[in-house]
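The values are calculated or read from the model by the stated rules, or taken from the named source; none is laboratory data. Computed from a predicted model, the values in this text were never measured in an experiment. Note that we place each Cβ from the backbone using ideal geometry, even for glycine, and neighbour counts take in every protein chain shown. Accessible surface areas use protein heavy atoms only, side chains included; no ligands, DNA or RNA. Shrake-Rupley method; radii C 1.70, N 1.55, O 1.52, S 1.80 Å.
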Amino acid sequence: MAADRDTALEALYRDFAGLNMEGGWHRRFPALWPEPRRNFLPHVWHYADVKPILDRAGELVDTQQAERRNLTMFNPVEGNIYSTVRTIVAAYQMIKPGETARAHRHTPNALRLILEGRGTSTVVNGKQVEMRPGDVLLTPSWAWHSHANDGAEQCYWMDFLDVPLVHLLEPMFYEPHPDGLEAQVEKLDEAPIAFRWEETQARLDAEQTRIGSDAPVTVELGPARLDTIALHMLRIAAGKATEPSRTTANAIYAVVRGSGTARIDGETLPWSFGDTIAVPAWRAHSLHADTASVLLRVSDEPVMRAFGWLRSEPA
Ligand code: GTQ
Ligand code: FE2
């Protein structure tokens, strides 16, 4: 009797499979689980390792060949060759004096954090804005953008894009500018897409004064202008640390000033200027500053919030 049933079930499962179907009670891997899994891994990329490699790329690859001289950071999780965390990719980019990175547009949202070098500007939908160290500049979805170095120094920055989210959801469009560069360009010192380092510092100072202690402070770069990405600047005084917490938002931290360690899920990872720290969803983490530090946090919080999936708690 039981053997008959087993045989009948096997036939049933074969018939499911033949229709590209599977029984919810029969799947080899569950589709639902109690809380976010440890998929993507905590990881730190060190700018000190990257910079000489970017310089070597600068000798071998020009901006004719490479539309962007960028190095993306792929999370070391098995099978991944692109994303830094599930929804966001981060990259380092370098442009040499006299070079131009051609105009294009794409549906992914992007932003840049300038690390080193003066005299480079970006043109976003015809508005030319200088990029200076510590500045954060936005390239919203479908905005034309190009970069040009009219100065005497190599310019290094970090890019963050929601390309992995676009890959997951599929609405990818990309278009090179028909003329290579936008024809009508207006130079601006202030623009809604530019968050200047001086302004960020002043806001962090004001927040530090408001809380009346040397506990870590955070300001949001906003009002939010990218639909999928939230930007926060976090200042941690020397010897201080953030409270351990976890959140469903996937985050990448970039070190704007200072040095310290990240404690992520029991691992201790050192960081210093220009480094990139991947903190995937639901990983308990805190940041400890050895010297006075400022970090940019790039996260998919707006996506989580939009769908009611944002949960954050002490850990
Ligand atoms: O500067 O426009 O790192 O389109 C990846 C894709 C930078 C850019 C990246 C891009 C850009
Ligand atoms: Fe781009």
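What the phi angles of the stretch 20-32 give under the Karplus curve with 6.51, -1.76 and 1.60, with θ = phi - 60°, is a coupling list of 6, 9, 9, x, x, 7, 10, 5, 6, 10, x, 8, 10 Hz, glycine and proline written as x. Only lysine pairs 8 or more places apart, or on different chains, with alpha-carbon atoms under 25 angstrom apart are counted in the chain, and they number 4. Rounded to the nearest 5, the antiparallel percentage of DSSP beta bridges internal to the chain is 95%. Cα extents for the chain along the principal axes, largest to smallest and rounded to whole angstrom: 84, 54, 36.
Convex hull of alpha carbon positions in the stretch 10-162: directionally averaged projected area 13.0 nm². Computed on the Cα atoms alone, the convex hull of the stretch 1-95 gives a volume of 179 cubic angstrom per residue. Note on the stretch 139-222: the C-alpha convex hull projects to 9.0 nm² when averaged across all orientations.
Note: the stretch 72-199, Cα convex hull, 112 Å³ per residue.
Extending 7 Å from the Cα toward the beta-carbon at both Ala17 and Phe307 defines two label points whose distance is 3.0 nm.
The 3J(HN,Hα) values that the Karplus relation (6.51, -1.76, 1.60; θ = phi - 60°) gives for the stretch 118-134 are, in residue order, 10, x, 9, 10, 10, 10, 10, 6, x, 9, 8, 10, 5, 10, 10, x, x Hz. Gly and Pro appear as x. Set the Cα radius of gyration of the stretch 173-286 against 2.2 N^0.38 Å, with N its number of residues, and you get 1.33. Expressed per residue, the C-alpha convex hull volume of the stretch 234-296 stands at 65 Å³. Backbone phi angles across the stretch 43-60, fed through the Karplus curve with coefficients 6.51, -1.76 and 1.60 (θ = phi - 60°), yield HN-Hα couplings of 7, 10, 9, 9, 4, 4, 6, 7, 4, x, 6, 4, 5, 5, 4, x, 7, 9 Hz in residue order; Gly and Pro are listed as x. Using a simple spin-label model with pseudo-atoms 7 Å out from Cα toward Cβ, His26 and Ala238 lie 6.6 nm apart.
The Cβ shell under 13 Å around Leu169 holds other residues with a net charge of -3, Lys and Arg each +1, Asp and Glu each -1. Atom-type composition of the exposed protein surface of the chain places 54 percent of the accessible area on carbon and sulfur (1.4 angstrom probe). Accessible surface area normalised per residue over the chain is 51 Å², counting heavy atoms of protein chains with a 1.4 Å rolling probe.
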